[in-house]
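Below you'll find the structure, written out as structure tokens, and then a few comments.
The values are calculated or read from the model by the stated rules, or taken from the named source; none is laboratory data. From a predicted model like this one, the values you see are computed outputs, not experimental measurements. Note: ideal-geometry Cβ built from the backbone for every residue, glycine included; neighbour counts use all protein chains shown. The protein model used for the area step is the full one, side chains on, heavy atoms only, and it has no ligands, DNA or RNA in it. Shrake-Rupley method; radii C 1.70, N 1.55, O 1.52, S 1.80 Å.
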Amino acid sequence: MSNNAPSSPIFTTPAKAAIFGIVIGAVVGVALLMLFQGGFQGEEHGSAAAQDSESPSQSKEPLYWVAPMDPNYRKDGPGKSPMGMDLVPVYEGQQGNAENNQGNGAGVVTISPNVVNNLGVKTAPVKREPIDSKISTVGYVQYDEDEMVHIHPRVAGWVEKLHVKAEGDRVEKGEPIYTLYSPQLVNAQEELVIALKRKNTGLINGAKDRLKALQLSERLIQNLEKTLKVQQNITFYAPQSGVVDGLNIREGFYVKPENTLLSIAKLNKIWVEAEIFERDAALVKKGLPVSMTVDYLPGKEWKGNVDYIYPSLNESTRTLRVRLKFDNTNDELKPNMFASVTMFSDGNSEVVVVPKAAVIRTGTQNRVVVALGDGQFKSVHVDIGRVGNEYIEIVNGVVEGDEVAVSAQFLLDSESSKTSDFARMNASELPKSVWMEGEINHVMAGHRMVNISHGPVKAWDWPEMTMDFMVADGVDFEALKAGQTLHFEVTKDDNENVVLTGIHIMSEPEVSSATVNGVINDINIATRTLNISRGAIEKWGREPATMDFIAAEHIALSKFSVNDEVTFTFEIRDDFIIVEMNGQHGEHNQHRIHDASSASDASGVKKAHQAEKAPNTHDAHKAHKAHREEGDSAESHDSVDHSQHKRGHSA
């Protein structure tokens, strides 16, 4: 080997040197590209790692654990839900979202904008517009019975010849249909012949009228007048053109006037008997436009109208029969054909509607998902009306201008339904005041309250119930009495408290009263209670008794003393109320009227003393009330008065 040989054989030629330079450049470029990408990915990885380090699941402990299907079911640690599913942890940030949802109201679901887009949630406005309800049903073609003629013989006889042979045969007006032999027809002709021979005008006219009444043709009568020859067999002719229906005879039949021989029906107009569901009955009216198709002639449509609506429903199918009328000039429609019918109800009036896709129909409840804005949704109950091709009428639940979900609504509804109260979105439109009808049970003057049993209140969805009402200052409280029936206005304030703000008294309570003599045994000024031994009440058939009475406010008790002999008038209300009393002072007890035989007398005195010793007015009234209840068996009102005064006591 020579010492002058090159140390690196790759540089021996210029071409090789160029190739080597290109390779080196490519390697360096790839290295720089990888370095740049590695730095960008490293930055992203670092950012993701930083985010992961901030994730609550990495750095924080769960606050509590909840059931996946019921966020109200909470536990302090992991476990199983009542449905057997694993509980999921809730961290501090997630708790904020949950509390936020709860703060928005029952059933409100909050979803972030990106999730709304991912779910494909679409909304549509609630609007007011006419709705065209199309009722599709089926029916059967029938003869127009208004144009149908039934053929009966006017006399008994035998069918000698039948000129029509089968049902469906077409006949023209004046065409012979059958020939009859009848002795009555022969006799009627002979009467005319005899009258003609006698030239008795009255008999002639009477005989001719009889033949006309027996439906003999004018031509036959004229021929009989000319020939004076009686015909044994009489031919009868079709009264109108049409087709034969219900052919019930054959030659040789013996027929009588009550027999229907045949019927002749026209086909230029036909009826269609259709049935509609009960829910659509209110939409159908006489004269409503109708279209019809039959399989017999596909592609052809007939236009008609509703001719008659039957007054009752079919009790087994719960459907309503409707009669439709169509022109059939070419006799294309045949009786008993099966027809598809469409009725178009009047859609001129504007109603609140939503797209059909927005309504979730569960069978027991109809709901829509209302978009509240800012990613919030709530499922609410609605009452639906008519159902059109594209829209459904909403009677209650949402108002014009609301937004409802028309896609992904089932997912939103399932989440909202877990906590929703399904309250109607137009609840704020409920009236602040309503009028009710009821009866006053108690009047509580000290609290300015009345207890009233009232009927149901549809506007507030209140049932029939008994409740206490505060009476507003502007209402005449003194006019309210137990037993009154009245119309009264109730108003809700800002705190949803109800106040009686107006009254219209319908009837006053009928008060039973009696006037009787008695002797005062005891007087309790504090409770205005008098214990009196009264005499007998003849009109009620009551024996003398000793009882407690309450003096009305206008009676001055200071003018009366124990042992006074009095004449007083009392009324049966919540208590025995003395409304008038006159008397004279008594010095001796011998003027007192006793009822020694009644054990309740002593009890009454004792109760009165207990009332006098009672520590306050309320306890005293309780003692007197207990006494009156014990005295009911000794003194009761007659059955008529007692039924009129629920709280009446014995007198």
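Scan the stretch 262-304 for residues that are closer than 14 Å to residue 323 by Cβ, under 39 Å from the mean Cα position of the chain (by Cα) and part of a strand (DSSP E or B) and the total you get is 10.
For the stretch 502-516, a residue qualifies if it is open to solvent by 50 Å² or more (accessible area, probe 1.4 Å) and touching an Asp or Glu at 6+ places or on another chain (Cβ under 7 Å), and exactly one does: 511. Among the residues making up the stretch 158-177, those that are closer than 16 Å to residue 242 by Cβ, surrounded by 18 or more Cβ atoms within 10 Å (Cβ to Cβ) and touching a Phe, Trp or Tyr at 6+ places or on another chain (Cβ under 8 Å) are 164, 177.
If I ask for residues that are in contact with a strand residue (DSSP E or B) (Cβ under 7 Å, 6 or more places away or on another chain) and within 20 Å of residue 579 (Cβ to Cβ), which ones from the stretch 478-504 would you list?
In the first step, residues of the stretch 478-504 are kept if they are in contact with a strand residue (DSSP E or B) (Cβ under 7 Å, 6 or more places away or on another chain); the result is 479-493, 498-504.
Within the stretch 478-504, 479, 480, 481, 482, 483, 484 qualify.
Residues that are over 22 Å from residue 459 (Cα atoms) and either crowded, with 17+ Cβ neighbours inside 10 Å or hydroxyl-bearing (Ser, Thr, Tyr) (or both) within the stretch 388-401 comprise 388, 391, 392, listed in sequence order.
Of all residues in the stretch 311-332, those satisfying the criterion of being open to solvent by less than 40 Å² (accessible area, probe 1.4 Å) and assigned to a strand (DSSP E or B) are 319, 320, 322, 323, 324, 326.
Give the residue, chosen from 490, 475, 471, that is in contact with a Phe, Trp or Tyr (Cβ under 6 Å, 6 or more places away or on another chain) and open to solvent by less than 20 Å² (accessible area, probe 1.4 Å). Working first, answer last.
Values: 490 fails: in contact with a Phe, Trp or Tyr (Cβ under 6 Å, 6 or more places away or on another chain); 475 fails: in contact with a Phe, Trp or Tyr (Cβ under 6 Å, 6 or more places away or on another chain).
Of the residues listed, the single one that is in contact with a Phe, Trp or Tyr (Cβ under 6 Å, 6 or more places away or on another chain) and open to solvent by less than 20 Å² (accessible area, probe 1.4 Å) is 471.
Specify the residue that is nearest to residue 518 (Cα to Cα); the eligible residues are those in the stretch 550-575 that are assigned to a helix (DSSP H, G or I) and of a type outside the set (D, E, K, R). Ranking the qualifying residues of the stretch 550-575, first place goes to 557.
Given the condition charged (D, E, K, R) and either open to solvent by less than 70 Å² (accessible area, probe 1.4 Å) or more than 17 Å from residue 339 (Cα to Cα) (or both), answer yes or no: does some residue in the stretch 287-297 qualify? Before you say what the answer is, go through the steps one by one.
Of the stretch 287-297, the ones charged (D, E, K, R) are 295.
After this cut, where a residue has to be either open to solvent by less than 70 Å² (accessible area, probe 1.4 Å) or more than 17 Å from residue 339 (Cα to Cα) (or both) as well, the list is none.
No, the stretch 287-297 contains no residue that is charged (D, E, K, R) and either open to solvent by less than 70 Å² (accessible area, probe 1.4 Å) or more than 17 Å from residue 339 (Cα to Cα) (or both).
Go over the candidates 453, 433 one by one and state the one that is over 30 Å from residue 399 (Cα atoms) and hydroxyl-bearing (Ser, Thr, Tyr). Checking each option against the conditions leaves just 453. Annotation for the stretch 244-260: at least one member residue is assigned to a strand (DSSP E or B) and within 23 Å of residue 324 (Cβ to Cβ).
Suppose we filter the stretch 314-345 for residues that are in contact with a helix residue (DSSP H, G or I) (Cβ under 6 Å, 6 or more places away or on another chain) and not small (Gly, Ala, Ser); how many remain?
Restricting attention to the stretch 314-345, the residues satisfying the condition of being in contact with a helix residue (DSSP H, G or I) (Cβ under 6 Å, 6 or more places away or on another chain) are 318, 320, 345.
Still in the running and not small (Gly, Ala, Ser): 318, 320.
Within the stretch 314-345, residues that are in contact with a helix residue (DSSP H, G or I) (Cβ under 6 Å, 6 or more places away or on another chain) and not small (Gly, Ala, Ser) number 2.
Against the numbered list (1) surrounded by 14 or more Cβ atoms within 10 Å (Cβ to Cβ); (2) free of Cβ contacts under 8 Å to residues at least 12 places away in the same chain; (3) not aromatic (Phe, Trp, Tyr), residue 306 comes up short only at (2). Look through the stretch 362-377, keep the residues that are touching a Phe, Trp or Tyr at 6+ places or on another chain (Cβ under 9 Å) and under 22 Å from residue 115 (Cα atoms), and return whichever of them is most open to solvent (accessible area, probe 1.4 Å). Step by step, filter the stretch 362-377, then rank; the result is 371.
Please find, within the stretch 490-526, the residue that is nearest to residue 536 (Cα to Cα) out of those that are touching a residue at least 24 places away in the same chain (Cβ under 8 Å) and among the charged types (D, E, K, R). Among residues in the stretch 490-526 that are touching a residue at least 24 places away in the same chain (Cβ under 8 Å) and among the charged types (D, E, K, R), the one nearest to residue 536 (Cα to Cα) is 522. Quick one: in the stretch 576-594, which of the residues that are among the polar types (S, T, N, Q) and either surrounded by 17 or more Cβ atoms within 10 Å (Cβ to Cβ) or assigned to a strand (DSSP E or B) (or both) is modelled with the lowest pLDDT? The selected residue is 584.
What about residue 359, is it over 17 Å from the mean Cα position of the chain (by Cα), buried (at least 19 other Cβ atoms within 10 Å of the Cβ) and over 15 Å from residue 127 (Cα atoms)? Considered against the rule, which asks whether it is over 17 Å from the mean Cα position of the chain (by Cα), buried (at least 19 other Cβ atoms within 10 Å of the Cβ) and over 15 Å from residue 127 (Cα atoms), residue 359 comes out as no. Reported count of residues in the stretch 453-469, each being within 19 Å of residue 431 (Cβ to Cβ), part of a strand (DSSP E or B) and in contact (Cβ under 8 Å) with a residue 12 or more places away in the chain, is 5.
Can you name the residue in the stretch 453-490 that is under 15 Å from residue 433 (Cβ atoms) and among the β-branched types (Val, Ile, Thr) and, of all such residues, is nearest to the chain's Cα centre (by Cα)? Checked the stretch 453-490; the qualifying residue nearest to the chain's Cα centre (by Cα) is 457. Being modelled with pLDDT of 90 or more and surrounded by 15 or more Cβ atoms within 10 Å (Cβ to Cβ) is the filter here; which residues of the stretch 452-468 pass it? Those that are modelled with pLDDT of 90 or more and surrounded by 15 or more Cβ atoms within 10 Å (Cβ to Cβ): 452, 454.
Would you say residue 78 is part of a loop (DSSP other than H, G, I, E, B) and modelled with pLDDT under 85? Answer is no for this residue. The residue list 199, 212 contains one member that is loosely packed, with under 14 Cβ neighbours inside 10 Å and at positive phi, which is 199. For the stretch 208-217, the condition holds for no residue, the condition being that it is over 60 Å from the mean Cα position of the chain (by Cα), over 22 Å from residue 154 (Cα atoms) and outside any helix (DSSP H, G or I).
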